[in-house]
1. When you scan the stretch 275-283, do you find a residue that is more than 23 Å from I389 (Cβ to Cβ) and polar (S, T, N, Q), even just one?
2. Search the stretch 151-170 for residues being closer than 12 Å to C379 by Cβ and open to solvent by less than 30 Å² (accessible area, probe 1.4 Å), and hand back the single one that is nearest to ligand 1 (Cβ to nearest atom).
3. Please work out which residue is farthest from ligand 2 (Cβ to nearest atom), limiting yourself to the stretch 357-383 and to residues that are under 22 Å from C336 (Cα atoms) and touching an Asp or Glu at 6+ places or on another chain (Cβ under 8 Å).
4. Identify, by number, the condition in (1) assigned to a helix (DSSP H, G or I); (2) open to solvent by less than 10 Å² (accessible area, probe 1.4 Å); (3) in contact with a strand residue (DSSP E or B) (Cβ under 6 Å, 6 or more places away or on another chain) that S207 doesn't meet.
5. Is it the case that the stretch 132-150 has a residue that's assigned by TED's automatic domain parsing to the domain that holds L28 and within 16 Å of ligand 1 (Cβ to nearest atom)?
6. Out of the residues in the stretch 66-96 meeting the condition of being in a loop (DSSP other than H, G, I, E, B) and out of contact with any strand residue (DSSP E or B) (no Cβ under 8 Å at 6 or more places or on another chain), tell me which one is surrounded by the most Cβ atoms within 10 Å (Cβ to Cβ).
7. Looking at R340 and the list (1) within 13 Å of ligand 1 (Cβ to nearest atom); (2) open to solvent by 20 Å² or more (accessible area, probe 1.4 Å), which single condition is not satisfied?
8. Tell me yes or no: at least one residue of the stretch 176-195 is part of a helix (DSSP H, G or I), at positive phi and open to solvent by less than 50 Å² (accessible area, probe 1.4 Å).
Amino acid sequence: MIEEKIFLKTDIEKTMDNYDFLGLKNTLKMSPENIVKKITESGLRGRGGAGFPTGKKWQFALAQESDIKFLICNADEGEPGTFKDRFLLENMPFKVLEGIIIAAYAVKANFGYIYIRGEYAKAIEVFEKTIKDAYHRGLLGKKILGSNFDFELRLVKGAGAYVCGDETSLINSIEGKRGQSRIKPPYPVQKGLFGKPTVVNNVETLSTVAEIMKYEDNVYAKMGTENSKGTKLVSINGDVKLPDVYEIEFGSMTIKDIIELAGGPKDEINFVVPGGLATSILKYDELEVLYTYEDLENNGSSVGSGGMIVVSKKHDLIELLLNVSDFFVKETCGTCFPCREGNRNIKEILLKMKRKGYNDEYKKIIGDLRESIMLAARCGFGQSSVNFIYSIIDKYFYEEVK
Ligand SMILES: Cc1cc2nc3c(=O)[nH]c(=O)nc-3n(C[C@H](O)[C@H](O)[C@H](O)COP(=O)(O)O)c2cc1C
Ligand code: SF4
């Protein structure tokens, strides 16, 4: 029988009074350097999509000399097909809060923000109350839990654009500017919010940190594979019988197993998007791939945000492509010409394909556009905007249409 590995998905529906904040209590007894070391040794990689090692990011941030540093929890979750952060915010807000305070302590940040997707009304309500209660209980503010650590946390509602999930756009948005990506370097850990060193971490990353810090032993490092440690939340949706958020130990299941865990497919599978619309698809005959960073990358895709979309043969491919293309045309921030115009051109070609049928020239043009967008785009939006579309056309669409 296929079963979830529960490491992070604990403490659901606890009240603040019966949540022990053990990870935070352990943290406050340690030096920031030792916490960064523990998180580095855990092998945790950021769960916002790019998979950057959390310990490494914190090392850079801790090394910055500055009177003020910021910690931002990225809860914008705009990636289509992804709802694992919403699950955490609504059902386990204390663990999210605990992770935020631990991260702030580890990098010596005394100010923080949680930027929650504006459409997540319930999550915003739950977290507003969580912050208020935390101030009353001495978990936020001056001398947290009797220690010498001060930390102020504010909630900001997302401005309604997908690109605001990109850390530099998000920083602009908090500053009251238009949600546009900044040129990197400098990276946020060097010069972020209001020009100060800033760590941006995803909700799931921070919740995992809280859990890791509960244990004296580094239990997290013992789960998963060499390059993919621990577990990952997968929000599986689309044509499956039990769409939900499941926790998967890396390396323990194939994509096919995860679909079975979610009750199995509703109809015959056509393809699967493993990690949100920014990732390339896996065809129906490629689903035996193990769920790890390395296996998915070796198969031309990635873990991404963990938003897994199962698509059956019922759906018209060209309509799906047009729908996705429309999303990227509408959501580009428009700063870089190749991302703005390239995505618009791709949509036009798809419309031509709908009217006139497929030909090899269209594939070449879309491939060329993809390459130029990837080379010239300022942020991950542009760099990943054609993955889904191109992977269907390249691997699949040709065979389907001809
Ligand atoms: C267009 C775009 C949208 C993004 N959306 C999110 C998001 O909703 N949540 C998130 O945590 N990271 C998102 N990211 C990644 C962030 O820029 C950043 O890498 C992440 O918050 C860092 O956290 P982590 O190291 O814990 O993964 C997005 C990136 C891009 C380019
Ligand atoms: S790549 Fe696209 S979304 Fe990112 S900065 Fe350029 S135009 Fe904006």
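1. No, the stretch 275-283 contains no residue that is more than 23 Å from I389 (Cβ to Cβ) and polar (S, T, N, Q).
2. Of all residues in the stretch 151-170, those closer than 12 Å to C379 by Cβ come to 162-170.
Subset that is open to solvent by less than 30 Å² (accessible area, probe 1.4 Å): 163-165, 168-170.
Numbers: V163: 5, C164: 8, G165: 2, T168: 7, S169: 7, L170: 7 Å.
The selected residue is G165.
3. The qualifying residue farthest from ligand 2 (Cβ to nearest atom) is G367.
4. It is condition (3) that S207 fails.
5. Within the stretch 132-150 (the criterion being assigned by TED's automatic domain parsing to the domain that holds L28 and within 16 Å of ligand 1 (Cβ to nearest atom)), the answer is no, since none of the residues qualifies.
6. By that ranking, first place goes to E77.
7. Against the list (1) within 13 Å of ligand 1 (Cβ to nearest atom); (2) open to solvent by 20 Å² or more (accessible area, probe 1.4 Å), R340 comes up short only on (1).
8. First, the residues of the stretch 176-195 that are part of a helix (DSSP H, G or I): 193-195.
So of that shortlist, the ones also at positive phi come out as 194-195.
Still in the running and open to solvent by less than 50 Å² (accessible area, probe 1.4 Å): 195.
Scanning the stretch 176-195 turns up at least one residue that is part of a helix (DSSP H, G or I), at positive phi and open to solvent by less than 50 Å² (accessible area, probe 1.4 Å).
The values are calculated or read from the model by the stated rules, or taken from the named source; none is laboratory data. Values in this document were obtained by computation on a predicted structure and should not be read as measured data. Note: ideal-geometry Cβ built from the backbone for every residue, glycine included; neighbour counts use all protein chains shown. These accessible areas exclude ligands, DNA and RNA; they are computed on the full protein's heavy atoms, side chains included. Shrake-Rupley method; radii C 1.70, N 1.55, O 1.52, S 1.80 Å.
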